[in-house]
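Chemist: My questions will all concern the structure given below.
Nothing in this text is a laboratory measurement; each read-out follows from the coordinates by a stated rule. None of these values were measured; they are calculated from a predicted model. Methodologically, a virtual Cβ is constructed for each residue, glycine included, from the backbone with ideal geometry; neighbour enumeration extends over all protein chains shown.
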Amino acid sequence: MTLRVAVVGSGPAGSSAAETLAKAGIETYLFERKLDNAKPCGGAIPLCMVEEFDLPPEIIDRRVRKMKMISPSNIEVNIGSTLKNDEYIGMCRREVLDGFLRDRAATLGAKLINGTVYKLELATGSTDPYTLHYADHSDGSMEGTMKTLQVDLVIGADGANSRVAKAIKAGDYNYAIAFQERIRLPHDKMDYYDELAEMYVGDDVSPDFYAWVFPKYDHVAVGTGTMKVNKSKIKDLQAGIRARAARKLEGGEIIKVEAHPIPEHPRPRRVVGRVALVGDAAGYVTKSSGEGIYFAAKSGRVCADTIVELTQSGARIPTEADLKVYLKRWDKTYGSTYLVLDLLQRVFYRSDATREAFVEMCEDIDVQKLTFDSYLYKTVVPANPLTQLKITAKTIGSLLRGNALAP
């Protein structure tokens, strides 16, 4: 027999999973409801993703080598001096990145279906099939033609509002809302952001996160995020970042407005039976940085690698225990990263005093190097004991000077 797998959602998580499965010769169906979908997202990816996922140069709109951290009182700290000549943060448009990954998966053998999955009918026995009920949009209509597909295994990569997660009762999670405007700037204003990205912190732009101005191909992405989810609040916060960056955005034209939920922690259950969740559907967005693209793609690959290995490239149907090996591998590798970033967010994003301390701390070269190495390569490079002690003292000193340790 040949294992049949349905991957629902063709963002970085779904496409990376589908590519890995298809390359192993496993019968793979990749569902995407909107082939031109562009998720609202800052679009920053680490250098290790460019290399690890073999992304071509044209995927990267801008190579950011300088970052400005801007405090609530508009104190600016420039970071990036620790980067080597060949190091950068990649800035991309999600519709370009996602389209490339999806097309590559299809080229390698995944069967791409332009369809909306409405219902997942669960299997009754250990080897019985799962049935997907979906609308096929290949005729170009929004309504589509209702169809069904039977498979042995399902990977839910369908985002924060995952229907697959609901079908397996994976449990809820808290989520933030990201709001972003794409703004096309005059050439002289755009030149300012050539290799530069900006991050703003303060209650006026987000009570629990940060706001950003990230450069893209011919525009900047200006946005914010918060867990205090309501429409009037997010619009006020967006007005806050527009006001803080107003001088640099003069003459800009809004070309697109986007909003999307972002999970704040992993779901209670990420594998149930022969259904596994990856990416935003699983809740793999990091606190503090809000990064999700690399972790989404990586989770799709780790999940698919595990399936390929434990089924001998699709020669047998896996068990729930087999799929949970993916979770063990994932949590062992990245669990501590999520805990540390959660702690950082709790400490530094809880008041304007702590945010001032956070920006001040970013001035330290050792802090910058540790931060960039961790981001670019997804491995926290252990500092020597003296450097670690210095960073700890710097952190405490910054918090004390800003009265940030007051209850």
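Chemist: Note the count of lysine pairs whose C-alpha atoms are less than 29 angstrom apart in region 191-301, limited to pairs 8 or more residues apart or on different chains.
Modeler: 26
Chemist: Provide the net charge surrounding His133, with neighbours chosen by a C-beta distance below 13 Å and charges set as Lys +1, Arg +1, Asp -1, Glu -1. Each step should come with its number before you reach the end.
Modeler: Working: positive: Lys119, Lys147, Arg163; negative: Glu121, Asp136.
Local net charge: +1.
Chemist: Taking the Cα atoms of region 130-214, report the difference between the largest and smallest coordinate on each principal axis, in whole Å and largest first.
Modeler: Projected onto the principal axes, the Cα atoms of region 130-214 cover 54, 34, 21 Å.
Chemist: Let me ask another. On a full-extension model of 0.36 nm per residue, what is the gain between Lys34 and Ser141, subtracting their alpha-carbon distance, rounded to one decimal in nm?
Modeler: Working: separation 107, 0.36 × 107 = 38.52 nm, distance 1.13 nm.
Length difference between fully extended and current span is 37.4 nm.
Chemist: If you don't mind, there's one more thing I want to ask. Run the simple label-point estimate for His265 and Ser336 please: 7 Å along Cα→C-beta, distance reported in nm.
Modeler: Distance between the two pseudo-spin positions: 2.1 nm.
Chemist: OK, next. Compute, for region 1-159, the length of the dipole vector about the Cα centre, with Cβ point charges of +1 (Lys, Arg) and -1 (Asp, Glu) only. Units Debye, rounded to 20. Could you put the intermediate results ahead of the total?
Modeler: Details: 18 positive and 22 negative charges, 93 e Å.
Computed charge dipole of region 1-159: roughly 440 debye.
Chemist: Quick one, what does Rg over Rh come out to for the chain if you take C-alpha atoms and the Kirkwood Rh?
Modeler: Details: Rg = 21.7 Å, Rh = 22.1 Å.
That ratio is 0.98, to two decimals.
Chemist: Would you mind calculating the gained length between Cys48 and Lys111 on full extension (0.36 nm times residue separation, minus the Cα-Cα distance), in nm to one decimal? Each step should come with its number before you reach the end.
Modeler: Details: separation 63, 0.36 × 63 = 22.68 nm, distance 2.80 nm.
Going from the current span to full extension adds 19.9 nm.
Chemist: Moving to a separate point now. Quick one: of the DSSP bridges fully inside the chain, what percent are antiparallel, nearest 5?
Modeler: Details: 50 of 71 bridges.
Bridges in the chain are about 70 percent antiparallel.
Chemist: Explain nothing, just the number: dipole magnitude of the chain about its Cα centre with +1 on each Lys and Arg Cβ and -1 on each Asp and Glu Cβ, in debye rounded to the nearest 20.
Modeler: Numbers: 54 positive and 53 negative charges, 161 e Å.
Value, rounded to 20: 780 debye.
Chemist: Compare the peptides 66-76, 101-111 by average per-residue count of other Cβ atoms within 10 angstrom and give them in order, highest first. Mind showing how you got there, number by number?
Modeler: On the way: 66-76: 16.4, 101-111: 19.2.
Sorting 66-76, 101-111 by mean packing, highest first, produces 101-111, 66-76.
Chemist: Using a Gaussian network for the chain with springs between C-alpha atoms less than 10 Å apart, which of these wobbles most: Asp54, Asp322, Asp204?
Modeler: Per the Cα network of the chain with a 10 Å cutoff, Asp54 tops the list.
Chemist: Which order do peptides 292-302, 186-196, 4-14 fall in by mean Cβ count within 10 Å, highest first? Intermediate results must be reported in sequence, preceding the final value.
Modeler: Working: 292-302: 25.0, 186-196: 13.8, 4-14: 29.6.
Descending packing order for the listed peptides: 4-14, 292-302, 186-196.
Chemist: While we're looking at this one, here's another question. State the dimensionless ratio Rg/Rh of region 207-313 (Rg: radius of gyration of Cα atoms; Rh: Kirkwood radius).
Modeler: Numbers: Rg = 18.2 Å, Rh = 16.5 Å.
Rg/Rh: 1.10.
Chemist: Which whole-number percentage describes the relative contact order of the chain, with Cα contacts under 8 Å and a sequence gap of 6 or more? Don't skip to the end; give the middle numbers.
Modeler: On the way: 875 pairs, mean separation 84.7, N = 407.
Taking the mean separation of contacting Cα pairs over the length of the chain, I get 21 percent.
Chemist: Also, I was wondering about something else. Suppose every Lys and Arg Cβ carries +1 and every Asp and Glu Cβ carries -1, with no other charges. What dipole size does region 75-176 come out with about its Cα centre, to the nearest 20 debye?
Modeler: Details: 11 positive and 14 negative charges, 23 e Å.
Its charge dipole is roughly 120 debye.
Chemist: At 0.36 nm per residue, and after removing the present C-alpha to C-alpha distance, how many nm does the segment from His133 to Ala315 gain when stretched out fully? Don't jump to the answer; show the numbers that get you there.
Modeler: Numbers: separation 182, 0.36 × 182 = 65.52 nm, distance 2.56 nm.
Taking 0.36 nm per residue and subtracting the Cα distance, the gain is 63.0 nm.
Chemist: How far is helix 385-401 tilted, in degrees, relative to the longest principal axis of the Cα atoms in the chain, given as a value from 0 to 90 rounded to the nearest 10?
Modeler: That works out to roughly 70 degrees.
Chemist: Between Arg346 and Glu95, what is the label-to-label distance in nm when each label sits 7 Å out along the Cα-to-Cβ direction?
Modeler: Distance between the two pseudo-spin positions: 4.0 nm.
Chemist: Put +1 on the Cβ of each Lys and Arg and -1 on the Cβ of each Asp and Glu in the chain; which of Gly42, Thr124, Val347 then has its Cα farthest toward the positive end of the dipole?
Modeler: It is Thr124.
Chemist: Right, another one. If you add up the charges near Ile113, with Lys and Arg at +1 and Asp and Glu at -1, over every other residue whose beta carbon is less than 12 angstrom from its beta carbon, what do you get? Mind showing how you got there, number by number?
Modeler: Details: positive: Arg33, Arg102, Lys111, Lys147; negative: Glu32, Asp136.
Net charge around Ile113: +2.
Chemist: Let me ask something else. Net charge near Lys324, counting Lys/Arg +1 and Asp/Glu -1 over other residues with Cβ under 13 Å of its Cβ?
Modeler: Here the charged neighbours net out to +3.
Chemist: Right, next: Round to a whole angstrom and tell me the spacing of the C-alpha centers of region 108-142 and region 238-288.
Modeler: Spelled out, the Cα-based centre of one part sits 26 Å from the other.
Chemist: Place the peptides 172-183, 78-89 in order of packing, highest mean first, counting for every residue the other Cβ atoms within 10 Å and averaging per peptide. Please report the intermediate quantities before stating the final value.
Modeler: Numbers: 172-183: 19.6, 78-89: 14.9.
Going by the mean number of other Cβ atoms within 10 Å, highest first, we get 172-183, 78-89.
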